[in-house]
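S.K.: Got a structure for you, written out below as C-alpha cells; questions coming shortly.
The values are calculated or read from the model by the stated rules, or taken from the named source; none is laboratory data. Given the structure is predicted, the values throughout are model-derived calculations rather than measurements. Cβ placement follows ideal geometry from the backbone for every residue including glycine, while neighbour counts extend to all protein chains displayed. Each accessible area value is taken on the protein alone, full model and side chains, heavy atoms only, with ligands, DNA and RNA left out. Shrake-Rupley method; radii C 1.70, N 1.55, O 1.52, S 1.80 Å.
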Amino acid sequence: GKAYPVWIPPSYKIFDTKEIALTAIERLWLIDGPLVIDIETGFDKDEAFDHPNHYELLCIGISYGPRKVVVFGTNVLRDPEVQVKLGQLLRSKKVVGQNIKSDLAGLRPIFGVIEAAGDTMLQSYSQDERPGLHGLEKLGIEILGTPNWKEEFRKLVPPKGTYADAPRKALYIYNSKDVSVTRDLWDFFNERMNAREQQQHDFLVQASNILVNLEMAGITFDLEYSKELQEVFEKELYQLEIEISNTTGRNINPRSPQQISRWFSEQGLILKSTDKDTIEPLLERPGTSAVVRKFIEQLLLHRRRAKLCGTYVKGFQKRIYKGKVFTTYTLHGTTSGRLASRNPNMQNIVRDKRIKHQFTVENENNILIQLDYKQAEGRVITTLAQDEYLAEIFRDSTRDIFDELCNDIYGEGQWVKENRVSMKSIFYGNAYRRGVNAIALPLQQ
C-alpha cells in the first residue's frame, strides 16, 4: 500500500541572498539526521544519461526533516563564501539522495569530494531488481501518492529548451518537491528494508562513491585519428556499395529494407524480414543461388562496417566534451546485478583494434593498461555453488576450463580463438539463463 493516504507537499524556503543563506547553513549544522539533497542543472538525471558537472549548477534543495526543505538559488551558489560554508557542511554531514551519484558529480566542481551515505534509487533496486521501477517520479506516484509534479513543471520548460530556461522560481519549487519526495521515500524504505536489502544498498552506495570518480575522469579521445578512421570506413562502404550494385545489376541502397526485399522477391525469395537472423541461414541452404549468396555476404559485411562507423566512430565523436568521452555507469541497470554503461556504452566496445585505438592517454607520461582477472566470474560462480568438480579445475594452474570445453565440443586441436570466445559466452551466459537457441547458434559456426 501507499506510505501516505494523502501526500503533503513540503514547506520550503528559498535562499538566494548571501546573508540569509549563510544563516541557513549555520542552522543546518544543528540537524542530527542525514541531509537529503537534490540538485538541478540543465537536464533531468532520471531521463538523460548526461553529466551535471558539464552544466551550471542552478540550485540545491536540502531536506532536513519530513516536508522541511530549503533551496539555495543560482545567484547565491555563485558566492565564494557560501560555496566554502556549504561545502564544509555537505562534506561533514551524512548526505542522501535519489540517483545521488549524479548529484555528487554536479557538486564536485564547486564543493569538492562529497560522499553519499544513502540513495533511494538503490534502496528501491535492492528490494526489486527489475528495471524501469526506480525513477523518482514513478516511486513518488506509486508509493507516496504524489501528483505528477514533474509533468507539471515540464510544461514550463520551453520547447527544445532545458531546465535552465524555465522560470527560476518555478524551478526552485520543483526542486523542493523533488527533494521532499526523496526524503519521504528514504524514511519509507528504511522502515521496510530487511537486513540483506540494507546490506546490498550499502554496498551499492559505496560503489557509487567510487564510480563517480571514473565518470568524471572520462577517457581521452584521439579525434584526429578518429576522423581518419571515419574516412577509411566510408571508403570501404562506398566500395562495397559499388560491388553490391555489380552483383545485383542495379543501384540498391543497402540501408533500405524495402529495396532489399524487392530484390529478394525478384529472386523468388519472399522474406518477412531482411535482418541478419533471416538472411544469414540462406547462405547454408542448398538451393540458394550463387548471386544471392554473394549479395548476402556483401550486405552483411556492409552492415558490420556501417555499424562500426556509425556507432563506434561517428557516435563517439558526437559525445566528445573537452577532448574526452564520458560514460554513465548504472548500478541499477540489470536484473543480474552487473554494472551497465550508457551514453556511450564503454563496456561493450567491439574487439576491432582500430576502434579501440581511438582512446588514448591524457599526456605522454601516461599509458593505457588492460588488466583481466583470470576467469574471476567462473571462480565466483564455483564458490557460490560449492561445485567441487569446477573448483578442482580452477585450482590447477596448468588447466584451463575453456580450452577443455573447446576440446570436448570441437575436438582437441580442432578449434580456433573465436571458438574459445563463443565457449566463454556460453559458460557465463548459462549462469544468466541464456536460452537454448542462443547457446546452439555459436556451436553451429
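S.K.: Identify all residues within region 184-235 that are of a type in the set (Gly, Ala, Ser) and either under 20 Å from the mean Cα position of the chain (by Cα) or not in a helix (DSSP H, G or I) (or both); write none if there are none.
M.R.: Listed by number, the residues that qualify are Ala207, Ser208, Ala217, Gly218.
S.K.: Going by the conditions given, is Ile252 in a loop (DSSP other than H, G, I, E, B) and surrounded by 13 or more Cβ atoms within 10 Å (Cβ to Cβ)?
M.R.: Taking the combined requirement at face value, the residue satisfies it.
S.K.: Tell me which residues, restricted to region 149-164, are outside any helix (DSSP H, G or I) and open to solvent by less than 60 Å² (accessible area, probe 1.4 Å).
M.R.: Those that are outside any helix (DSSP H, G or I) and open to solvent by less than 60 Å² (accessible area, probe 1.4 Å): Val157, Pro158, Gly161, Thr162.
S.K.: Right, another one. List the residue pairs whose Cβ atoms are under 6 Å apart, where the first residue sits in region 236-249 and is outside any helix (DSSP H, G or I), the second is at pLDDT 95 or above, and the two are 6 or more positions apart or on different chains.
M.R.: Between residues of region 236-249 that are outside any helix (DSSP H, G or I) and residues that are at pLDDT 95 or above, there is no close pair.
S.K.: Report yes if Val361 is in contact (Cβ under 8 Å) with a residue 60 or more places away in the chain, loosely packed, with under 13 Cβ neighbours inside 10 Å and either within 29 Å of Thr328 (Cβ to Cβ) or not aromatic (Phe, Trp, Tyr) (or both), otherwise no.
M.R.: Values: in contact (Cβ under 8 Å) with a residue 60 or more places away in the chain: yes; loosely packed, with under 13 Cβ neighbours inside 10 Å: yes; either within 29 Å of Thr328 (Cβ to Cβ) or not aromatic (Phe, Trp, Tyr) (or both): yes.
Yes; evaluated as a whole, the condition is true for this residue.
S.K.: Something else about it: Of the residues Gly61, Gly73, which single one is modelled with pLDDT of 95 or more and under 23 Å from Ser124 (Cα atoms)?
M.R.: Unique residue meeting the criteria: Gly61.
S.K.: How about region 165-189: which of its residues are open to solvent by 20 Å² or more (accessible area, probe 1.4 Å) and farther than 25 Å from Tyr329 by Cα?
M.R.: Asp165, Pro167, Arg168, Lys169, Ala170, Ile173, Lys177, Asp187, Phe188
S.K.: Take the conditions under 30 Å from Ala340 (Cβ atoms) and among the hydrophobic types (A, V, I, L, M, F, W, C) and apply them to Leu300. Does it pass?
M.R.: So Leu300 fits the description; yes.
S.K.: Now, a different point. (1) open to solvent by less than 50 Å² (accessible area, probe 1.4 Å); (2) farther than 21 Å from Thr360 by Cα; (3) in contact (Cβ under 8 Å) with a residue 24 or more places away in the chain; (4) of a type in the set (S, T, N, Q): which one isn't true of Ser273, the others all being true?
M.R.: Unmet for Ser273, out of (1) open to solvent by less than 50 Å² (accessible area, probe 1.4 Å); (2) farther than 21 Å from Thr360 by Cα; (3) in contact (Cβ under 8 Å) with a residue 24 or more places away in the chain; (4) of a type in the set (S, T, N, Q): (3).
S.K.: List every residue pair whose Cβ atoms lie under 8 Å apart, where the two residues are 6 or more positions apart in sequence or sit on different chains, the first residue falls within region 70-82 and is touching a residue at least 60 places away in the same chain (Cβ under 8 Å), and the second residue, located anywhere, is in a helix (DSSP H, G or I) and of a type in the set (Gly, Ala, Ser).
M.R.: Listed pairs, sorted by first residue: Val71/Ser176; Val76/Ala21; Asp79/Ala21; Val82/Ala21.
S.K.: Quick check on my filter: what residues within region 263-320 are of a type in the set (S, T, N, Q), part of a helix (DSSP H, G or I) and touching a helix residue (DSSP H, G or I) at 6+ places or on another chain (Cβ under 8 Å)?
M.R.: Result: Gln298, Gln317.
S.K.: Suppose we filter region 364-416 for residues that are surrounded by fewer than 13 Cβ atoms within 10 Å (Cβ to Cβ) and aromatic (Phe, Trp, Tyr); how many remain?
M.R.: Counting residues in region 364-416 that are surrounded by fewer than 13 Cβ atoms within 10 Å (Cβ to Cβ) and aromatic (Phe, Trp, Tyr) gives 2.
S.K.: Starting from residues that are closer than 19 Å to Arg351 by Cβ and touching a residue at least 12 places away in the same chain (Cβ under 8 Å), keep the ones in region 276-310 and report whichever is surrounded by the fewest Cβ atoms within 10 Å (Cβ to Cβ).
M.R.: The extreme case among them is Lys276.
S.K.: Among the candidates Asn99, Asn53, single out the residue that is of a type outside the set (A, V, I, L, M), at pLDDT 95 or above and either under 26 Å from Phe188 (Cα atoms) or surrounded by fewer than 23 Cβ atoms within 10 Å (Cβ to Cβ) (or both).
M.R.: Being of a type outside the set (A, V, I, L, M), at pLDDT 95 or above and either under 26 Å from Phe188 (Cα atoms) or surrounded by fewer than 23 Cβ atoms within 10 Å (Cβ to Cβ) (or both) holds for just one of Asn99, Asn53, which is Asn99.
S.K.: Something else now. Mind listing whichever residues of region 197-226 are loosely packed, with under 13 Cβ neighbours inside 10 Å and either farther than 30 Å from Gly112 by Cβ or in contact with a His (Cβ under 7 Å, 6 or more places away or on another chain) (or both)?
M.R.: Glu224
S.K.: Does Leu133 meet the test of being among the hydrophobic types (A, V, I, L, M, F, W, C) and part of a loop (DSSP other than H, G, I, E, B)?
M.R.: It is true that Leu133 is among the hydrophobic types (A, V, I, L, M, F, W, C) and part of a loop (DSSP other than H, G, I, E, B).
S.K.: Among (1) out of contact with any Leu (no Cβ under 9 Å at 6 or more places or on another chain); (2) over 27 Å from Tyr312 (Cβ atoms), where does Glu215 come up short?
M.R.: Failing condition for Glu215: (2).
S.K.: Further question: Applying the selection to region 106-128, what residues are open to solvent by 50 Å² or more (accessible area, probe 1.4 Å) and hydrophobic (A, V, I, L, M, F, W, C)?
M.R.: Correct list: Ile110, Val113.
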